[in-house]
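The values are calculated or read from the model by the stated rules, or taken from the named source; none is laboratory data. Note that the coordinates shown come from a computational prediction; the quantities given were computed from them, not determined experimentally. Don't worry about glycine lacking a Cβ; one is built from the backbone with ideal geometry, like all the others, and counts go over all protein chains shown. Just the protein is used for accessible areas: all its heavy atoms, side chains included, with ligands, DNA and RNA removed. Shrake-Rupley method; radii C 1.70, N 1.55, O 1.52, S 1.80 Å.
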Amino acid sequence: MVVKSEGGRELRSFRFKDEDQSQEVRAVERRTLLETLASRLPSAAISFSSKLKRVETSRNDGDTLLTLEDDSLISAKIVIACDGIRSPVAKWMGFPDPRYVGHCAFRGLGVYPDGQPFEPRVTYVYGRGVRAGYVPVSPTKVYWFICFNSPFPGPKITDPSILRKEAENLVKEWPSELLSIIESTPDDTIIRTPLVDRWLWPGITPPASAGKVVLVGDAWHPMTPNLGQGACCALEDAVVLANKLGEAIKVGSMSVEEAFRSYGEERWPRIFPLSVRANLVGALLQIDNPTVCSLRDNVIVPKLVRLGPILEHTNFDFEPLQV
Ligand SMILES: Cc1cc2nc3c(=O)[nH]c(=O)nc-3n(C[C@H](O)[C@H](O)[C@H](O)COP(=O)(O)OP(=O)(O)OC[C@H]3O[C@@H](n4cnc5c(N)ncnc54)[C@H](O)[C@@H]3O)c2cc1C
């Protein structure tokens with residue numbers, strides 16, 4: 001892992017094996033992860049293009065009624081909602097909208113059909129109020145992001161040429177490596193996302209489940225990506241929830257409602273501090289004050305930062321899945 005200044009100076013490089021033998025970075029393309037997970041399910045198990053419009057509880061049997069955009073109706077005994085940051089199910093359960101944190105991110109995937117030229121490492125570049133990073137995700141693809149301060153989330157932009165131009169403008173004075181990756185990025189992979197989170201305040205925010213409806217991943221705990229943990233936590237949620245549901249359905253040692261409650265209680269102590277920490281780290285990394293940035297580039301990153309403690313939050317032990 002390498003950290004550079006916006007001028008291209010290498011501030012620090014870390015090797016995982018020097019700091020913590022148990023750590024490594026694995027960059028996985030979203031499509032690959034989703035296809036891998038889906039391949040383990042029976043082919044008819046997933047119904048695509050089924051946008052949820054409305055949620056309600058059936059007056060007859062207490063089942064949850066899900067109305068889709070095409071007005072078809074599903075009556076569900078159990079709902080595991082992993083419908084992302086704008087989850088209609090979370091809204092129905094009384095969760096407030098996620099809160100914009102004051103910075104946005106561009107993301108994209110550079111494509112190199114003849115092989116990408118980068119070393120297998122993560123490169124971060126810290127500027128003033130703008131930071132970026134890139135990492136190879138396969139022999140032919142390189143993921144990149146740029147985070148920038150913006151007082152407002154701004155309008156949704158779908159025109160890829162505008163997105164590309166805006167992303168390039170943010171780093172046009174920087175060394176050309178990042179610009180060349182953006183240039184190699186197909187239009188349809190460039191996106192701009194306002195960054196949001198929602199802190200799960202004890203006693204104020206609703207619990208993760210209501211009866212036989214439960215939230216997983218961003219639907220429950222949207223967090224900023226500054227620790228790279230959102231999707232990791234969604235996967236952790238899934239493992240814990242699967243074990244709890246297994247106990248309820250296969251072993252019969254508790255009800256489904258109890259399993260969902262127990263999942264929420266077990267996951268909260270992991271999720272809440274991570275969401276807060278991710279937010280604070282983001283606020284620090286997005287500082288644009290020249291004196292603070294100079295201190296960061298000349299003292300904090302080169303001399304004070306240690307990788308081990310920074311990555312401690314990625315450690316998570318869990319019971320293997322009971323199949
Ligand atoms: C810039 C950026 C960088 C990130 N980097 C990292 C990282 O390095 N590491 C990491 O672990 N995480 C990272 N994350 C976070 C990660 O992307 C999310 O935490 C993760 O995608 C959450 O997964 P999810 O399945 O809960 O939600 P999503 O991936 O958002 O999936 C939600 C699904 O629900 C569907 N859906 C939405 N609404 C409806 C509806 N009404 N009806 C039916 N379906 C619906 C959507 O189509 C989608 O398929 C990053 C996020 C951002 C913004």
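Observations on the model:
- When the stretch 290-304 is limited to residues that are within 23 Å of His103 (Cα to Cα) and touching a residue at least 40 places away in the same chain (Cβ under 8 Å), the one that is most open to solvent (accessible area, probe 1.4 Å) turns out to be Pro290.
- Qualifying residue in the stretch 26-39 (condition: part of a loop (DSSP other than H, G, I, E, B), in contact with a helix residue (DSSP H, G or I) (Cβ under 9 Å, 6 or more places away or on another chain) and over 16 Å from Val135 (Cβ atoms)): no
- Applying a threshold of 7 Å to beta carbon distances and a minimum spacing of six or more residues, or different chains, the list of pairs starting in the stretch 269-289 at a residue that is of a type in the set (Lys, Arg) and ending at one that is in a helix (DSSP H, G or I) reads Arg277/Leu227; Arg277/His313.
- Every residue from the stretch 131-140 that is assigned to a strand (DSSP E or B) and more than 19 Å from the chain's Cα centre (by Cα): Ser138
So that you can scan it fast, the table gives a plain yes or no per residue for (1) on the phi > 0 side of the Ramachandran plot; (2) open to solvent by 60 Å² or more (accessible area, probe 1.4 Å); (3) within 11 Å of the ligand (Cβ to nearest atom); (4) assigned to a strand (DSSP E or B):
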{"position": "Gly62", "(1), (2), (3), (4)": "yes, no, no, no"}
{"position": "Asp71", "(1), (2), (3), (4)": "yes, yes, no, no"}
{"position": "Ala90", "(1), (2), (3), (4)": "no, no, yes, no"}
{"position": "Phe95", "(1), (2), (3), (4)": "no, no, no, no"}
{"position": "His103", "(1), (2), (3), (4)": "no, no, yes, yes"}
{"position": "Val142", "(1), (2), (3), (4)": "no, no, no, yes"}
{"position": "Lys156", "(1), (2), (3), (4)": "no, yes, no, no"}
{"position": "Leu163", "(1), (2), (3), (4)": "no, no, no, no"}
{"position": "Asn169", "(1), (2), (3), (4)": "no, yes, no, no"}
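- Any hit, the stretch 35-55, residues being farther than 28 Å from Leu163 by Cβ, surrounded by 14 or more Cβ atoms within 10 Å (Cβ to Cβ) and not assigned by TED's automatic domain parsing to the domain that holds Trp144: yes
- Of all residues in the stretch 171-185, those satisfying the criterion of being away from the ligand (no atom under 16 Å from the Cβ) and either among the hydroxyl-bearing types (Ser, Thr, Tyr) or open to solvent by 50 Å² or more (accessible area, probe 1.4 Å) (or both) are Lys172, Glu173, Pro175, Ser176, Glu177, Ser180, Glu183, Ser184.
- Residue match in the stretch 273-289 (condition: modelled with pLDDT of 95 or more, surrounded by fewer than 16 Cβ atoms within 10 Å (Cβ to Cβ) and of a type in the set (S, T, N, Q)): yes
- Residue pairs whose Cβ atoms lie under 7 Å apart, sitting 6 or more positions apart in sequence or on different chains, and linking a residue in the stretch 186-201 that is within 28 Å of Lys141 (Cβ to Cβ) and more than 15 Å from the ligand (Cβ to nearest atom) to a partner that is in a loop (DSSP other than H, G, I, E, B) and open to solvent by 10 Å² or more (accessible area, probe 1.4 Å), do not occur here.
- Looking only at the stretch 73-88, residues that are hydroxyl-bearing (Ser, Thr, Tyr) and assigned to a strand (DSSP E or B) come to 1 in all.
- Test: Leu307 is touching a residue at least 60 places away in the same chain (Cβ under 8 Å) and under 24 Å from Gly7 (Cβ atoms): yes
- Residue count for the stretch 217-242, restricted to those that are in contact with a Cys (Cβ under 8 Å, 6 or more places away or on another chain), outside any helix (DSSP H, G or I) and surrounded by fewer than 23 Cβ atoms within 10 Å (Cβ to Cβ): 0.
- The number of residues in the stretch 115-159 that are among the charged types (D, E, K, R) and without any contact (Cβ under 8 Å) to a residue 24 or more places away in the chain comes to 3.
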